[in-house]
1. Of the residues in the range 163-185, how many are buried (at least 16 other Cβ atoms within 10 Å of the Cβ) and farther than 15 Å from residue 229 by Cβ?
2. Looking at 42, 53, 110, 96 in this structure, which one is crowded, with 19+ Cβ neighbours inside 10 Å and outside the structural domain of residue 182 (by the TED database)?
3. Scanning the range 170-190 for residues that are among the hydroxyl-bearing types (Ser, Thr, Tyr) and out of contact with any Lys or Arg (no Cβ under 8 Å at 6 or more places or on another chain), which turns out farthest from residue 19 (Cα to Cα)?
4. How many residues does the range 67-93 hold that are out of contact with any helix residue (DSSP H, G or I) (no Cβ under 6 Å at 6 or more places or on another chain), outside any helix (DSSP H, G or I) and either of a type in the set (Gly, Ala, Ser) or not assigned by the TED database to the domain that holds residue 36 (or both)?
5. Can you pull out every residue in the range 187-223 that is surrounded by fewer than 15 Cβ atoms within 10 Å (Cβ to Cβ), assigned to a helix (DSSP H, G or I) and in contact (Cβ under 8 Å) with a residue 24 or more places away in the chain?
6. Can you go through 152, 161 and tell me which one is touching a strand residue (DSSP E or B) at 6+ places or on another chain (Cβ under 9 Å), hydrophobic (A, V, I, L, M, F, W, C), in the same structural domain as residue 80 (by the TED database) and more than 30 Å from residue 114 (Cβ to Cβ)?
7. Among the numbered criteria (1) hydroxyl-bearing (Ser, Thr, Tyr); (2) out of contact with any Leu (no Cβ under 6 Å at 6 or more places or on another chain); (3) in a strand (DSSP E or B), which one does residue 118 miss?
8. Of everything in the range 32-66, what is among the hydroxyl-bearing types (Ser, Thr, Tyr) and in a strand (DSSP E or B)? Give them in sequence order.
Amino acid sequence: MTVKLSLFILAQNEERRLPRTLQAVAPLADEIVLIDSGSTDRTVEIAEQFGARVIYHPWKDVGDQVKFGQDQCSNDWLLRLDADEVLTPELQQEIRKIKEHPDCDGYKLRICDVFPGTRPNRWVKHYKLIRLYNRRKFTMAGRIGHDDVDPLVPDATSRVLHGLVAHYSQLSISHTVGKYNLATDRRVNECERKGVHYSPWRMVGALSGNFLRVYFLDRFFLLGWWGFIHSVRIGHMRFLKFAKWYERGHSAGWFDS
């Protein structure tokens, strides 16, 4: 028996990237729900052209947003994507087969960063996240700052799918730097709400340590100069997080100097 699949997407001002995402996934979805956090461009209009039900929900943090999105869906089987994530043809075919005969309760998708003028590279390290799941067995817990899927029952099963999700996160370097700046602000705010404290010494190795990890261990050197740029950017983002935390703590008198 074919299962019905609800797709939910988080978006804000994604008129440039959303059409490609929906073109790839809409034929697989029996329901499309777009959670919009305040778009001022054509994002809502584009989503509705694909038959999506658009619901406004102000952004608090990613955990709250994905939990809200999950709760708006009608079916038990859910697929969660961001507006810049595109299913490759191989993954589309895998999901079609799963809809006909699910053999697990949840499926991890390989999310692959793709840069301008490049294609998904299978040899670079991918994020593997449960994004396709039966919500009677798995659920988005809604923890602050996290979009992890947690098992609801001890015997919940999962496996990794072979096809890739192409993650077109970069419109331009300026766009990405701006996005990371906002992201580090949010992370510092979340840490303060949770009472998490970091030593200023975390700044020392943040940039170089994370650059080396991403460039060599995650094999982003295989992507040429884009891989180098991405690795530096990740290191810089980690550094910014700790630097902003130090700035806030210094102003509040948490540190001696």
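1. Filtering the range 163-185 down to residues buried (at least 16 other Cβ atoms within 10 Å of the Cβ) leaves 163-170, 176, 180, 184.
From what is left, the residues that are farther than 15 Å from residue 229 by Cβ are 163-168, 184.
Qualifying residue count, the range 163-185: 7.
2. Numbers: 42 fails: crowded, with 19+ Cβ neighbours inside 10 Å; 53 fails: crowded, with 19+ Cβ neighbours inside 10 Å; 96 fails: crowded, with 19+ Cβ neighbours inside 10 Å.
After applying the criteria, what remains is 110.
3. Narrowing the range 170-190 to residues among the hydroxyl-bearing types (Ser, Thr, Tyr): 172, 174, 176, 180, 184.
Subsequent filtering for residues that are out of contact with any Lys or Arg (no Cβ under 8 Å at 6 or more places or on another chain) retains 172, 174.
Values: 172: 18, 174: 22 Å.
Looking at residues that are among the hydroxyl-bearing types (Ser, Thr, Tyr) and out of contact with any Lys or Arg (no Cβ under 8 Å at 6 or more places or on another chain), I get 174.
4. 1
5. Passing the criteria: 192, 193, 194, 208, 209, 217, 222.
6. On the way: 161 fails: more than 30 Å from residue 114 (Cβ to Cβ).
When all the criteria are applied, what remains is 152.
7. (3)
8. Applying the first criterion (among the hydroxyl-bearing types (Ser, Thr, Tyr)) to the range 32-66 yields 37, 39-40, 43, 56.
Within the range 32-66, 56 is the sole residue that qualifies.
The values are calculated or read from the model by the stated rules, or taken from the named source; none is laboratory data. Quick caveat: nothing in here was measured; it's all calculated off a predicted structure. Don't worry about glycine lacking a Cβ; one is built from the backbone with ideal geometry, like all the others, and counts go over all protein chains shown.
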